[in-house]
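Have a look at the structure below before the remarks.
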Amino acid sequence: MRKTAFFLLFLILFSTLISPMAVYAQYEPDFSVDAQAAYMVNLETGMVMYEKNAQEHVDPSSLTMIMTAILAYERIEDRDNTMIPLRAYVEDTIYTAGLKVREQGGYLTTCGIYRNESLSVTNLIYAMMLPSGYEAAMMLGDYIGDGSIEYFTQLMNEKAKEIGAINTHFTTSNGLYDPEQYTTAYDMYLIARYAMNLPGFMDIVNTSVYDGGPTESHEQLIWNNTNKLIDKNSTYYYGYISGIKAAVTPESGRSIVTTATKDGYNYMLVLMGTPYQDDQGNVLDTNTAFTQTTDLYKWAFDTFRVKSLMEKGKGVGEVGLAFAQGSKDHLLLMSGDRFTALLPNEIEASSVTIELDVPQVVAAPIERGQQVGQIKLILANEVIGSVPAVSAETVEASALALGVDWFFGLFDSFGAKFALIFTLLLIVAYVILMLLRNRNNRRYASVKRRRHI
């Protein structure tokens, strides 16, 4: 069953840190999304614009290569000058895998590297991320794993957990189908979001055509990006998109991870498992991973806008005040920060109400700007965020009032109360003892007088 959930509001930080809160609302695009799983996020706010089966296990296919690229970046320092050859056993493995895939009606994308031909790590990353060169991913995995793909995939899984992709498990460096290999749309978002912050990574994945030659075996190695959304000559081209990786296998269908920027709004979208074949096994002419990616971005760009819901310094009410000089008994409050949020166009900022979360009474002295509580912003009976409630004025304290409060405050603790009660009991005991003693003295004096008589 499809789940469509949107954080209607989430915090955007423009000035200082504000504690984020979120609220869900049902805002659905006016078209169906036939992907097996999807996850779309506003990159400034973390607001989830659209999701579908985002935590369900799916085959990562060649999106796996994003993680391979991450490890190549972080474990090979001189990527331009580190040369890696296509070893015979790696080529043989790719050849055997290609035969198996063709038997199943699919194909294995390679980037044309010959046996014993050496390429730089940088070129191998291009070869992975543009044409999904399976041999390039294996060459990197073999090199980084010291000849062991098993060790390399262990490194991949450790990195996935470090990133937070706890529902991901890799068994290959290139994404060849394996029932033991899986991820989720949400985890793939975390992995891609991590990768896009690597220096130069977005330049690589946003390249439509790349010349990887010359080498000892080629005058040129020209690679075309399989992501046609960034290809100006493609009917799928959508100019606001950058990168990141397209993938396809008969088992998992078509998948793609992209980012898009328009008018200052930035999004990332993961679509996984859109149909590759029809019910008769014929390859579909239309790549719905591409068309629905464009549709979802257009929907987000057209539907949501950043709106200011609270200005810094706006008066919001008052609170009781104690120990102030004179007869002042209330303190004026104002907003300590600005609050802005991403809202659907039809929702006006005036629809948001506020609720003060402050104590009934605050004590002087207090400085202007000093926080005394929180201002909760509410939409449709849901708390959508908060900003500090701060004093709008400086108030001096009354020395007399503070002195009286200090005196009575001495007896607030259990130890002070115990000492006071113990002292009182000692005084009472002493008084009783003195009374008894005086009584005995009088009785003794009376007896003594009678004896003398």
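Remarks
- Test result for K298, at pLDDT 95 or above, farther than 22 Å from S32 by Cα and surrounded by fewer than 24 Cβ atoms within 10 Å (Cβ to Cβ): no
Residues are listed down the side, and each one gets a yes or a no for (1) of a type in the set (V, I, T); (2) within 24 Å of G112 (Cα to Cα); (3) surrounded by 23 or more Cβ atoms within 10 Å (Cβ to Cβ):
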position: N167; (1), (2), (3): no, no, no
position: T226; (1), (2), (3): yes, yes, no
position: I241; (1), (2), (3): yes, no, yes
position: M272; (1), (2), (3): no, no, yes
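- Filtered by the rule that a residue be outside any loop (DSSP other than H, G, I, E, B) and either closer than 22 Å to S234 by Cα or of a type in the set (A, V, I, L, M, F, W, C) (or both), the range 193-214 gives A195, F201, M202, D203, I204, V205, V209, Y210, D211.
- Single condition V306 does not satisfy, out of (1) under 27 Å from Q374 (Cβ atoms); (2) assigned to a strand (DSSP E or B); (3) over 23 Å from the mean Cα position of the chain (by Cα): (3)
- Listed by first and then second residue, the pairs linking a residue in the range 279-299 that is assigned to a strand (DSSP E or B) to a residue that is surrounded by 18 or more Cβ atoms within 10 Å (Cβ to Cβ), with Cβ atoms under 7 Å apart and 6 or more places separating them unless they lie on different chains, are V283/Y276.
- Residues (assigned to a strand (DSSP E or B) and surrounded by fewer than 19 Cβ atoms within 10 Å (Cβ to Cβ)) located in the range 322-333: A322, H330, L332
- The numbered conditions (1) at positive phi; (2) buried (at least 16 other Cβ atoms within 10 Å of the Cβ) are all true for G281 except (2).
- Of the listed requirements (1) exposed (fewer than 14 other Cβ atoms within 10 Å of the Cβ); (2) in contact with a helix residue (DSSP H, G or I) (Cβ under 7 Å, 6 or more places away or on another chain); (3) not hydroxyl-bearing (S, T, Y), K307 misses just one: (1).
- Members of the range 357-385 that are under 30 Å from P344 (Cβ atoms) and either at pLDDT below 95 or of a type in the set (A, V, I, L, M) (or both): I375, L377, I378, L379, A380, N381, E382, V383, I384, G385
- Count - residues of the range 236-278 that are in a loop (DSSP other than H, G, I, E, B) and either under 25 Å from the mean Cα position of the chain (by Cα) or not assigned by TED's automatic domain parsing to the domain that holds S32 (or both): 3
- Taken residue by residue, the range 206-218 has at least one member that is of a type in the set (S, T, N, Q), modelled with pLDDT of 95 or more and closer than 18 Å to L119 by Cβ.
- In the range 248-267, the qualifying residues are those that are surrounded by 21 or more Cβ atoms within 10 Å (Cβ to Cβ) and at pLDDT 95 or above, and the one that is farthest from N227 (Cα to Cα) is Y267.
- Qualifying residue in the range 172-183 (condition: buried (at least 19 other Cβ atoms within 10 Å of the Cβ) and out of contact with any Asp or Glu (no Cβ under 9 Å at 6 or more places or on another chain)): yes
- Residue match in the range 349-358 (condition: touching a residue at least 12 places away in the same chain (Cβ under 8 Å), within 21 Å of T394 (Cβ to Cβ) and touching a Ser or Thr at 6+ places or on another chain (Cβ under 7 Å)): no
The values are calculated or read from the model by the stated rules, or taken from the named source; none is laboratory data. All of these numbers come straight from a predicted model, not from anything done at the bench. All Cβ positions, glycine included, derive from the backbone under ideal geometry; neighbour counts span all protein chains shown.
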